[in-house]
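Values in this text are rule-based calculations from the coordinates and carry no lab data. Everything numeric here is computed off the predicted structure, so don't read it as measured data. Cβ sites come from the backbone with ideal geometry, for glycine too, and all protein chains shown count toward neighbours.
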Amino acid sequence: MSRKVVLVLCAAFALAVGVATASARDANSANLALSSDVVRCPGDPASLCFGTLNGNGLAPNSLVTIQGFRSDGTPGFTVTHPVDGNGRIHFVGSLFCGEDNYSQFMNFSASATAADGTTITTNVIATAPCYDRHTG
């Protein structure tokens with residue numbers, strides 16, 4: 001099976017389970033995923049968060065940027081998280097649910113610099129997933 005077919009199948013699976021992913025031009029150089037899964041916030045287990053970040057092959061010690069855009073396309077906010085010295089990131093629950101009154105109307109994506117210098121951007125997660133969930 002060719003690399004292109006495998007990548008297409010992986011992307012289709014990721015979108016089906018609610019994960020926005022991106023890869024650099026060279027399929028082996030980098031990947032970045034922003035999940036819409038709702039989890040208990042790290043450091044504040046009474047609250048809910050979403051936007052778990054995972055990536056590797058990124059520029060060591062760089063920043064991954066998550067952006068929220070309002071439905072009219074204007075920027076809502078920007079959050080950054082550091083990549084470790086090995087070019088990896090794993091950050092659970094990057095965004096607080098209910099952080100502001102407008103976040104349920106926002107679309108989210110993440111971008112990073114791959115180790116080869118290219119910029120990769122995930123697909124868009126449409127609207128914060130928190131507003132359809134209840135805090136158990």
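How far, in nm, would the chain grow between ASN107 and ASN86 when pulled straight, counting 0.36 nm per residue and subtracting the alpha carbon separation?
Working: separation 21, 0.36 × 21 = 7.56 nm, distance 2.95 nm.
Full extension of this stretch gives 4.6 nm more.
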Which value, in debye to the nearest 20, describes the size of the charge dipole of region 29-100 about its Cα centre when Lys and Arg Cβ atoms bear +1, Asp and Glu Cβ atoms bear -1, and nothing else is charged?
180
With 0.36 nm assigned to each residue of separation and the Cα-Cα distance removed, ASN61 to THR74 gains 1.8 nm
